[in-house]
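Structure, as structure tokens:
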Amino acid sequence: KEKRMSERRLKNEWESAAFNRETNEWDHTTLRSYEHISEKEPFAPATPARITPSRRKPVQRDYRSLFVFSDAQVDYRRVQDHESGTELLLPIHDERAMKLARYICRDLQPDAIVNLGDTVDFASLARFAPDSDHFYRTLGPSLQRVHDFYAELRADNPTAEITEVDSNHNVRLKNYVLKYMPQLYGVRRAGSSDEYPVMTYPYLANLQHLDVNWVGGYGAAELKHNDDLAFIHGTMSTSQGSTASKLSKANPDRNIVQGHAHRAESFHRTDRNGRVLGSFVVGALCRTTGEVPSYWSSVDDMGQPVRYQENWQNSVMHIRDFGEGHYQFDHIMLRDGKAFYDGKEYSADE
């Protein structure tokens, strides 16, 4: 939904409940975030969320569960509502897809949550020619939304290990700093040598407050789960569904999972030792109908993004690790605010 611009500090609160079949009771989770980042402070760090962890008992299972998502591209376009004459913040991330991802993850109670990156779009820092003036003073709200989304995941999954892998959109911030204000590169807040430098994504999104691990160094950055399974953001994106095939050729000796392409893809190969190895591309949590700046996107003369259906899919992935190289990789498609997995229907409109 469109979010109305406000100069006031905001207060966010989420209430959720899930039925616990073991206790036959409802487990309640409350999450609050106070003093929303002012839009006049585009480089201020996200305000820490106050988290009330879920009281749900850990799921008992004979495998490790991993929940994977990618490419939320969180950012907002400042557009004019010509009917009311007011300015609106139009998200280019898909709030319904993000909500579905949260609901599914909450039910799975995974051992690990892996974010393959491009969480913030950083459209205002892109090297490409702008399609409009929409991304003026949107960094603050974007970084706050990322922080709050992680806070939701942390509240729902208090014991899960959460990790994000560096990606090309995060590099936009680093490149911008080095080009236009190199004096601030690597600067840390006084007395906080254990924190990330101020002008970095993990600092501005305040990931440490949420116990989110960060794997930096896009291009080489990867999260190694086992010798035969790793997670990357990815550097290749090709048409006609061939990204996963090329990814397999670049990783012939292991299972590999990436984001970046905004499409859900799978490719399997059998090596000379008889091992079946998979290469997978996880879809996106951003909007797929022209709001995200891309090669095909455009803005009309009234200053509105033109609707254009990209060849992208909203999806997440669930991985079951049974040990000794036995995995089950499940793409979970998110469409029109609905998802179906393990015999359950999820709705973002509830």
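The values are calculated or read from the model by the stated rules, or taken from the named source; none is laboratory data. As the structure is a prediction and not an experimental result, all values here were calculated from the model. Glycine gets a Cβ as well: all are built from the backbone with ideal geometry, and neighbour counts include every protein chain shown. Accessible surface is based on the protein model in full, side chains and every heavy atom, while ligands, DNA and RNA are left aside. Shrake-Rupley method; radii C 1.70, N 1.55, O 1.52, S 1.80 Å.
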(request) Please list 96-108, 212-224, 292-304 highest first by mean number of surrounding beta-carbon atoms within 10 Å per residue. (result) 96-108, 212-224, 292-304
(request) Over the chain, average the accessible area per residue using a 1.4 Å probe and give it in Å², no decimals. (result) 49 Å²
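So which chymotrypsin sites (Phe, Trp or Tyr not before Pro) in region 110-155 are both in a DSSP loop and have at most 14 other Cβ atoms within 10 Å of their Cβ? Before the final figure, lay out the partial values.
On the way: sites: 122, 128, 135, 136, 149, 150; in loops: 122, 128, 135, 136.
In loop regions of region 110-155 (DSSP not H, G, I, E or B), the sparsely surrounded chymotrypsin sites (Phe, Trp or Tyr not before Pro) are 128, 136.
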(message) Just to confirm my numbers, what's the Cα centroid distance between region 58-121 and region 225-255 in Å?
(response) 23 Å
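For region 259-350, count the residues as N, evaluate 2.2 N^0.38 Å, and divide the Cα radius of gyration by that value, please. Numbers along the way, then the final one.
Numbers: Rg = 17.5 Å, N = 92, 2.2 N^0.38 = 12.3 Å.
The value comes to 1.43.
Kindly flag which residue pairs out of 249/338; 57/344; 174/224 have an alpha-carbon separation exceeding 22 Å in this structure.
Over 22 Å Cα-Cα: 249/338; 174/224.
Give me the percent of accessible area attributable to carbon and sulfur for region 102-156, probe 1.4 angstrom. Numbers along the way, then the final one.
Numbers: 760 of 1490 Å².
Answer for region 102-156 is 51 percent, counting heavy atoms of protein chains only.
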(request) Work the Kirkwood hydrodynamic radius out for the chain: mean of 1/r over every pair of different alpha-carbon atoms, inverted, in Å. (result) 21.0 Å
(message) Could you tell me how far the Cα centroid of region 286-317 sits from the Cα centroid of region 153-206, in Å?
(response) 27 Å
(request) Have a look at the DSSP beta bridges in the chain and tell me what percent are antiparallel, nearest 5. (result) 70 percent
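Among DSSP bridges having both ends in region 45-140, what percentage is antiparallel? Round to the nearest 5.
Numbers: 6 of 11 bridges.
Rounded to the nearest five, the antiparallel share is 55 percent.
Using DSSP, restrict attention to beta bridges with both residues in region 244-309 and report what percent are antiparallel, rounded to the nearest 5. Provide the component values of the computation, followed by the final result.
Values: 7 of 10 bridges.
About 70 percent, rounded to the nearest 5.
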(request) With a cut-off of at most 14 other beta carbons within 10 Å, and DSSP calling the residue loop, which GluC sites (Glu not before Pro) in region 81-136 qualify? Please list them. (result) 83
(message) Report the gain in length on full extension from residue 50 to residue 269: 0.36 nm times residue separation, minus Cα-Cα distance, nm rounded to one decimal.
(response) 74.3 nm
